[in-house]
Ligand SMILES: Nc1ncnc2c1ncn2[C@@H]1O[C@H](COP(=O)(O)OP(=O)(O)O)[C@@H](O)[C@H]1O
Ligand SMILES: [Mg+2]
């Protein structure tokens with residue numbers, strides 16, 4: 001018997017009981033859908049992080065105050081080891097450095113008339129624009145002179161502008177941060193939101209203003225260092241580390257009191273985290289596929305019992321054991337393939353809905369779709385094998401006499 | 001050489017330690033083109049004998065030569081092939097596949113034979129039993145007699161040497177039974193060997209040889225006495 005003939009028999013058997021076929025395939029549908037959606041979430045998170053890190057600017061080294069743990073950056077003012085002089089010295093003494101941006105950021109309330117928002121207040125230097133590749137869309141950024149004079153000027157991010165000034169022109173308005181009045185001189189270009197942060201929910205003020213007028217500190221939290229080319233990164237990182245150790249008077253046995261990370265480091269950390277997450281989520285989803293396979297096996301066993309007489313008839317007119325085997329195997333594979341195809345639809349649709357309603361970015365990968373589908377087919381073969389074997393081993397006479 | 005040669009065939013069923021001697025050593029030779037009726041009381045071993053002749057079951061002891069080949073030595077695959085190419089079955093309860101149109105039921109042996117011109121041959125077989133117009137009908141849409149005619153078309157579609165019919169008219173009224181026997185008569189005239197189980201004398205009268213079973217043994221085996229009386233079929237009754 002040909003595969004085509006087996007396939008037609010299988011389709012007829014499935015069509016005879018459409019609801020049962022659908023319910024049988026449901027496990028595989030959910031399994032395949034879950035694998036696809038879970039992997040899409042994991043991959044989406046990874047891409048979001050990648051985008052975010054790349055948006056920092058190119059060939060960037062980031063110096064954090066204190067010893068940062070993997071994927072965890074010390075927040076708050078517990079560590080005050082970096083200051084603006086460190087930044088200036090790095091620019092002067094380390095070769096290959098084309099720009100630095102020292103930053104001190106903290107959450108604070110921003111008030112405009114009756115409106116107020118809690119937003120991130122970032123004290124930065126004018127160089128920030130080049131180093132981080134983030135510029136005002138309208139108005140302007142503050143100048144070196146404003147920086148030196150601790151001017152009370154602010155450049156707001158798109159989100160803040162939209163919330164505080166829904167129908168007024170932001171530029172020229174006066175806003176209050178921690179009781180101090182600032183003049184808005186610009187609105188930043190839109191960077192967009194990622195899974196984790198809204199990069200437009202931010203207000204930029206001169207670093208000196210942030211340190212002295214707003215928060216009363218003298219240190220900075222991060223220094224972004226732009227290097228001329230990727231090739232110069234390792235040397236720059238080494239020189240920078242040596243320089244800071246000297247400036248901080250660290251003895252050879254003492255650990256660094258700062259952490260230098262390149263984009264590659266940060267990417268790698270997040271990538272490995274999200275990779276683990278993807279594998280974990282995909283693995284859990286794969287378990288549901290196996291459960292789906294057991295559902296198929298169960299129904300196929302029922303089907304073999306119900307159709308014992310049919311098997312007897314087929315054997316009486318000349319079906320060989322392997323013809324019977326093939327027939328039932330094709331049927332279970334057809335169930336799992338059908339379930340797999342519907343599951344792909346469910347997974348793709350599910351990913352879209354997750355993005356739409358939960359706001360998580362998802363990334364469909366062809367690999368995950370193919371893998372889930374192949375797994376579904378394998379499940380159909382594996383769990384169809386035993387029932388098919390049982391059908392094929394029936395004795396023709398016993399099968400024919402079956403009621 | 002005979003088409004069928006059965007020597008000292010025994011069949012013992014063992015169930016839960018109880019042995020049932022369904023056949024206690026039967027010997028039989030059937031020549032090509034014969035029309036044989038197997039008769040005898042219920043439980044005398046007729047169906048058991050038919051199943052063995054039809055290669056659906058294996059004897060416990062004895063030999064069975066079909067076309068000179070000892071069938072008892074063949075494997076499952078070879079037996080399936082024999083059932084497919086050399087034998088056609090007609091059962092009392094028709095045994096058509098449910099939810100499957102008549103034409104596809106008739107096609108079934110051809111599917112397993114891997115034949116190419118399946119549809120045309122199945123249609124020709126259906127036409128020959130007078131059901132060409134009902135090809136698309138499901139078994140549930142056909143009367144008992146029509147279902148049995150579809151079953152006969154299925155039995156002959158692969159041009160078998162032998163047709164085995166185990167009480168083919170058992171579920172039918174007498175006039176419908178007459179139509180079925182008319183079909184078997186015609187097949188017999190075409191040279192197909194027919195072995196028929198029945199316990200009705202007027203059905204058996206269509207055959208030219210009567211084999212009588214009792215308690216798993218053949219107690220008589222003789223030519224039919226008055227073939228001419230019933231040869232014209234049930235119209236006379
Ligand atoms: N599968 C079986 N298991 C046990 N005993 C059986 C089986 N098939 C038939 N028998 C027994 O074998 C004997 C002959 O049965 P069978 O050939 O069906 O008789 P008939 O067809 O002449 O009525 C009976 O006693 C029956 O009970
Ligand atoms: Mg019987």
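Remarks
- Whole-angstrom gap from segment B:1-68 to segment A:284-305, using each part's C-alpha centre: 43 Å
- Along each principal axis, taking the top coordinate minus the bottom one, the Cα set of chain B gives 47, 44, 39 Å in descending order.
- Centre separation in Å (Cα based) which lies between segment B:149-202 and segment A:343-403: 46 Å
- Helix-only mean residue ellipticity at 222 nm for chain A, each DSSP H run of n ≥ 4 adding -39500 (n - 2.57), per residue, nearest 500: -18000 deg cm²/dmol
- Compactness of segment B:110-237, expressed as Rg and Dmax over alpha-carbon positions, Å: 15.8, 46
- Segment A:202-285 - convex hull of the alpha-carbon atoms, volume per residue in Å³: 203 Å³
- Whole-Å distance, taken between Cα centres, linking segment A:100-136 and segment A:232-250: 28 Å
- Comparing mean-square fluctuations of B:22, B:115, B:161 from a GNM of chain B with C-alpha springs under 10 Å, the top value falls on B:115.
- Relative contact order for chain A, counting Cα pairs under 8 Å that sit 6 or more residues apart, in percent: 31 percent
- Chain A: most fluctuating residue of A:212, A:199, A:174 per GNM, C-alpha cutoff 10 Å: A:212
- Chain B - percent relative contact order, Cα under 8 Å, separation 6 or more: 27 percent
- Rule-of-thumb Rg ratio for segment B:42-159 [Cα; 2.2 N^0.38 Å; N residues]: 1.15
- With q set to 0.14, 0.20, 0.26 Å⁻¹, the log10 of I(q)/I(0) for segment B:140-186, from the Debye formula over equal scatterers at the Cα positions, is -0.32, -0.64, -1.03.
- DSSP bridge orientation in the protein assembly as shown - percent antiparallel, rounded to nearest 5: 70 percent
- Rg over Rh for segment A:197-345 works out to 1.41, using Cα positions for both radii and the Kirkwood form for Rh.
- Percentage of interatomic Cα-Cα distances in segment A:80-256 larger than 30 Å: 23 percent
- Computed over segment A:269-315, Kirkwood Rh from alpha-carbon pairs, angstrom: 13.6 Å
- Computed over segment A:80-256: relative contact order in percent, which uses C-alpha pairs under 8 Å that are six or more apart: 32 percent
- Working value for segment A:319-360: equivalent-ellipsoid semi-axes of 39, 5, 4 Å, each the square root of 5 times a Cα gyration tensor eigenvalue, largest first.
- When A:242, B:167 are arranged by Cβ crowding within 10 Å, least crowded first, meaning fewest neighbours, the order is A:242, B:167.
- The Kirkwood hydrodynamic radius of segment A:296-367, based on inverse pair distances between different Cα atoms, is 15.2 Å.
- Each helix, a run of at least 4 DSSP H residues, gives -39500 (n - 2.57); summed and divided by the residues of chain B, these come to -9500 deg cm²/dmol at 222 nm.
- Inter-probe distance in nm under a simple model that places probes 7 Å from Cα toward Cβ, at residue A:88 and residue B:7: 11.9 nm
- When both bridge partners sit in segment A:80-256, DSSP labels roughly 75% of those beta bridges antiparallel.
- Beta bridges from DSSP with both residues in chain B: antiparallel share about 60 percent, rounded to the nearest 5.
- Alpha-carbon Debye profile of chain A, log10 I(q)/I(0) at 0.13 Å⁻¹: -1.03
- For segment B:160-176, the residues whose backbone nitrogen is under 14 Å from a point 7 Å from the Cα of residue B:190, taken along Cα to Cβ, are B:160-164.
- Residue with peak Gaussian network fluctuation, chain B [Cα springs, cutoff 10 Å], from B:12, B:103, B:52: B:12
- For segment A:148-229, the alpha carbon convex hull comes to 146 Å³ per residue, rounded to a whole number.
Read-outs throughout are calculated quantities, based only on the coordinates presented, and are distinct from any laboratory measurement. Predicted model only: the values in this text are computed from it and were never measured. Glycine also receives a Cβ, built like all others from the backbone with ideal geometry; neighbour counts cover every protein chain displayed.
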